[in-house]
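The values are calculated or read from the model by the stated rules, or taken from the named source; none is laboratory data. A quick note: this is a predicted structure, and the numbers were derived from the prediction, not measured. Note that we place each Cβ from the backbone using ideal geometry, even for glycine, and neighbour counts take in every protein chain shown. Side chains included, ligands, DNA and RNA excluded: accessible areas come from the protein's heavy atoms. Shrake-Rupley method; radii C 1.70, N 1.55, O 1.52, S 1.80 Å.
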Amino acid sequence: DAGVIQSPRHEVTEMGQEVTLRCKPISGHDYLFWYRQTMMRGLELLIYFNNNVPIDDSGMPEDRFSAKMPNASFSTLKIQPSEPRDSAVYFCASTTGNSYNSPLHFGNGTRLTVT
Amino acid sequence: AQSVSQHNHHVILSEAASLELGCNYSYGGTVNLFWYVQYPGQHLQLLLKYFSGDPLVKGIKGFEAEFIKSKFSFNLRKPSVQWSDTAEYFCAVTTTAGNKLTFGGGTRVLVKP
């Protein structure tokens, strides 16, 4: 199994630009999570999906952030417009069944730098 | 909502020393507990988990953790660390109230050779 695949690995962009982060979960996993990791706040859950449907987006910082999961094998996290404070590592994770007791499988993350 | 606290932000120790990382959670109901590890430049990986049964759980690479329900704690231990254990360690919890995995702030461990 290839694991959770995220792209790009690194993204450097200027303030005001649109940024799109991509994630391919492990085949067969029906839960997908987007996390953000910063030195100040640690790991924060932004949003998660179950069977492609957003279940909880309470962690999404503001309207500039949006996430979609058009099918079971693909999800995007979009920031428009981006700001320097969005600089962080964004992780996608997936799991199967009841995520209450199923460990998450994380991707390698996308390191976003907004200048 | 549940929350997780990790007491130590940074730990520095020498090889062969013993390691114990504290983790406390706040939630009155049934929980599942996890420790994840993030090696430098890598993604998070599961170290061990507790769902039920024996409160002393053993994970990979010689790590173990003990669930003490009365103290709402799930401390991670390793009797003798190696340089390769240098990483950031995250405690996490899920509850029956939802499917969210809530992480603690992490503890950076540096093992000096």
(message) Among (1) closer than 15 Å to residue A:103 by Cα; (2) hydrophobic (A, V, I, L, M, F, W, C); (3) within 10 Å of the chain's Cα centre (by Cα); (4) open to solvent by less than 20 Å² (accessible area, probe 1.4 Å), there is one condition residue B:31 misses while meeting the rest; what is its number?
(response) (3)
(request) Report, by residue number, each residue of segment A:9-24 that is farther than 13 Å from residue A:78 by Cα and exposed (fewer than 14 other Cβ atoms within 10 Å of the Cβ). (result) A:9, A:10, A:12, A:14, A:15
(message) Residues to consider are B:25, B:89; find the one that is open to solvent by less than 80 Å² (accessible area, probe 1.4 Å) and within 14 Å of another protein chain (Cβ to nearest Cβ).
(response) B:89
(request) Residues being surrounded by 10 or more Cβ atoms within 10 Å (Cβ to Cβ), modelled with pLDDT under 90 and assigned to a loop (DSSP other than H, G, I, E, B): count how many of those fall in segment A:39-57. (result) 1
(request) Go through segment B:1-82 and tell me which strands (runs of 3 or more DSSP E), entirely inside it, have 2 or more residues that are touching a residue at least 12 places away in the same chain (Cβ under 8 Å) and not β-branched (Val, Ile, Thr). (result) B:3-5, B:10-14, B:19-21, B:24-26, B:31-38, B:44-50, B:64-68, B:73-78
(message) Please count how many residues of segment A:64-109 are buried (at least 22 other Cβ atoms within 10 Å of the Cβ), polar (S, T, N, Q) and within 14 Å of another protein chain (Cβ to nearest Cβ).
(response) 3
(request) Could you please tell me which pairs satisfy a Cβ distance under 9 Å, a separation of 6+ or placement on different chains, a first residue in segment A:1-26 that is basic (Lys, Arg), and a second residue that is loosely packed, with under 13 Cβ neighbours inside 10 Å? (result) A:24/A:2
